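The values are calculated or read from the model by the stated rules, or taken from the named source; none is laboratory data. Since this is a predicted model, take the numbers as computed values, not measurements. Using ideal geometry, Cβ is built from the backbone for each residue, glycine included, and neighbour counts are taken over all protein chains shown. The area values use the complete protein model at the heavy-atom level, side chains included, leaving out ligands, DNA and RNA. Shrake-Rupley method; radii C 1.70, N 1.55, O 1.52, S 1.80 Å.
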Amino acid sequence: PDTPGVAMPESSEEPDLGAADPAVMAALAGYRDRTIGAASVLAALAKSRLLVPVVAVLDKAETTAGGARVEKSSHMATVSTTGRDGRRGLLAFTSLESLRRWRPDARPVPAPAPAVAAAALDEGADAVVVDLAGPVQFAIENRDLQALSERWTGSE
């Protein structure tokens, strides 16, 4: 997990029930089937909400006289992954279902996809990895990550 501090603005005029955006899922399915390219997925993501996982990270624990480990302090942190090439990607998910498939105990923080891209760049990540555990994994990196982040205005 990353250190805390990624400002993930919550989007929401309507209650977010955690469902995936149908346009994003259709674009990801087309990408998987090689009927559309990454640009179409990025266009769909640019208008959507992603869920950024936040998990508890143990800072300090003690062992009792009986041998039980007791948590003394912890903090919440966003999660990133490191690829074989050493590059780091911030994790994000299209739905509660895809997030739970990866890690059932993670807390979802909803944010517009452009805000997620901006936060990843602010934290020095090289990519945003969408739906790490499927159904379709998609990485936003390089110029695409920068372009998506530039759509974030803070007023969405």
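Does Ser95 satisfy the condition of being among the polar types (S, T, N, Q) and touching a residue at least 40 places away in the same chain (Cβ under 8 Å)? Against the criterion (among the polar types (S, T, N, Q) and touching a residue at least 40 places away in the same chain (Cβ under 8 Å)), Ser95 qualifies.
Val6: modelled with pLDDT of 80 or more and among the aliphatic types (A, V, I, L, M), yes or no? No, not satisfied. If I go through region 22-59 residue by residue, how many of them are over 19 Å from Ala147 (Cβ atoms), open to solvent by 20 Å² or more (accessible area, probe 1.4 Å) and either more than 16 Å from the chain's Cα centre (by Cα) or at pLDDT 95 or above (or both)? Qualifying residue count, region 22-59: 11.
Picking from residues in region 127-156 that are among the charged types (D, E, K, R), farther than 23 Å from Thr35 by Cβ and in contact (Cβ under 8 Å) with a residue 40 or more places away in the chain, the one that is surrounded by the fewest Cβ atoms within 10 Å (Cβ to Cβ) is Glu156. Determine whether Ser74 is of a type in the set (S, T, N, Q), modelled with pLDDT of 95 or more and either over 17 Å from Val24 (Cα atoms) or surrounded by 14 or more Cβ atoms within 10 Å (Cβ to Cβ) (or both). So Ser74 does not fit the description; no.
Within region 115-146, the residues that satisfy the criterion of being out of contact with any Ser or Thr (no Cβ under 6 Å at 6 or more places or on another chain) and either under 14 Å from Arg49 (Cβ atoms) or of a type in the set (Phe, Trp, Tyr) (or both) are Ala115, Val116, Ala119, Val128, Val130, Phe138.
Counting only strands (runs of 3 or more DSSP E) wholly contained in region 74-156, the ones carrying 1 or more residues that are in contact with a helix residue (DSSP H, G or I) (Cβ under 8 Å, 6 or more places away or on another chain) occupy 88-92, 107-112, 127-130, 138-141.
Determine whether region 10-21 contains at least one residue that is touching a strand residue (DSSP E or B) at 6+ places or on another chain (Cβ under 6 Å), modelled with pLDDT of 70 or more and part of a strand (DSSP E or B). No - not one qualifying residue is present in region 10-21.
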